[in-house]
């Protein structure tokens, strides 16, 4: 069984008192994000690579069915992983919305922890800092995303340590910073080290992370304020910036050689 290493992931949107004003905890702890406006939903193009596309579905048992299908090529899980993750994210988003009267927020990002060419998925979901959950998934050889870890997601980001490439779940609440270094052994999440310290006064959170050689894993955001809204998405760009798109977009995916 291949060694799978995963860990947890980043940038959060704050809903004070679970209201419709959201805040995101990406590089800084809190950044206000306005509620979404209605717009036409943009359907994502199917992910293809090859010459013989086939249909694939994700074996998720507890989520509502999705009307979106992605064409994927033959050639193994590596080629199929973008479409598998896209469908899985859409299902998890709709499940979150069903649990919260149509309101749903997710952040999702990837990191190829075990260097096998197929990245692991880090997914934060909920409605506000009070109920965010951070979930970690790996893709099994059969094509099934399997959860291998879970953390509280409030005020939490997922980083990797530059000097060691270790995955770290970092929580900053009122200046107290908790860092949990993680690894995966035989499909089980291992917490290797737990560090807690108070951030020095007058120190910016981004500067604190830089001093610790922590690099945020880029994450896409998808948000819908209610069941009538089309929602919007914020997608990372290669230049380090981001682009806001109207509608729900689940096709952000890191490209691996």
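Couple of notes before you dig in:
- A single member of 107, 43 is out of contact with any helix residue (DSSP H, G or I) (no Cβ under 7 Å at 6 or more places or on another chain), closer than 26 Å to residue 230 by Cβ and modelled with pLDDT of 80 or more, and it is 107.
- The range 64-80: number of residues that are in contact with a strand residue (DSSP E or B) (Cβ under 8 Å, 6 or more places away or on another chain) and either over 18 Å from residue 251 (Cβ atoms) or modelled with pLDDT of 95 or more (or both): 1
- Given (1) exposed (fewer than 14 other Cβ atoms within 10 Å of the Cβ); (2) within 22 Å of residue 96 (Cα to Cα), number of the condition residue 132 does not satisfy: (1)
- Scanning the range 149-205 for residues that are touching a strand residue (DSSP E or B) at 6+ places or on another chain (Cβ under 9 Å), without any contact (Cβ under 8 Å) to a residue 12 or more places away in the chain and assigned to a loop (DSSP other than H, G, I, E, B) returns a single hit, 164.
Conditions (1) touching a strand residue (DSSP E or B) at 6+ places or on another chain (Cβ under 8 Å); (2) touching a residue at least 40 places away in the same chain (Cβ under 8 Å); (3) closer than 23 Å to residue 230 by Cβ, marked per residue:
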{"residue": "90", "(1), (2), (3)": "no, yes, yes"}
{"residue": "99", "(1), (2), (3)": "no, no, yes"}
{"residue": "102", "(1), (2), (3)": "yes, yes, yes"}
{"residue": "120", "(1), (2), (3)": "yes, yes, no"}
{"residue": "124", "(1), (2), (3)": "yes, yes, yes"}
{"residue": "134", "(1), (2), (3)": "yes, yes, no"}
{"residue": "141", "(1), (2), (3)": "no, yes, no"}
{"residue": "144", "(1), (2), (3)": "no, yes, no"}
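- Count of the range 206-238 residues, restricted to those that are touching a strand residue (DSSP E or B) at 6+ places or on another chain (Cβ under 6 Å) and either surrounded by 16 or more Cβ atoms within 10 Å (Cβ to Cβ) or more than 25 Å from residue 119 (Cα to Cα) (or both), is 16.
- The range 198-239, residues that are more than 26 Å from residue 85 (Cβ to Cβ) and touching a helix residue (DSSP H, G or I) at 6+ places or on another chain (Cβ under 7 Å): 199
The values are calculated or read from the model by the stated rules, or taken from the named source; none is laboratory data. As the structure is a prediction and not an experimental result, all values here were calculated from the model. Here the Cβ is made from the backbone with ideal geometry for all residues, glycine too, and neighbour counts use every protein chain on show.
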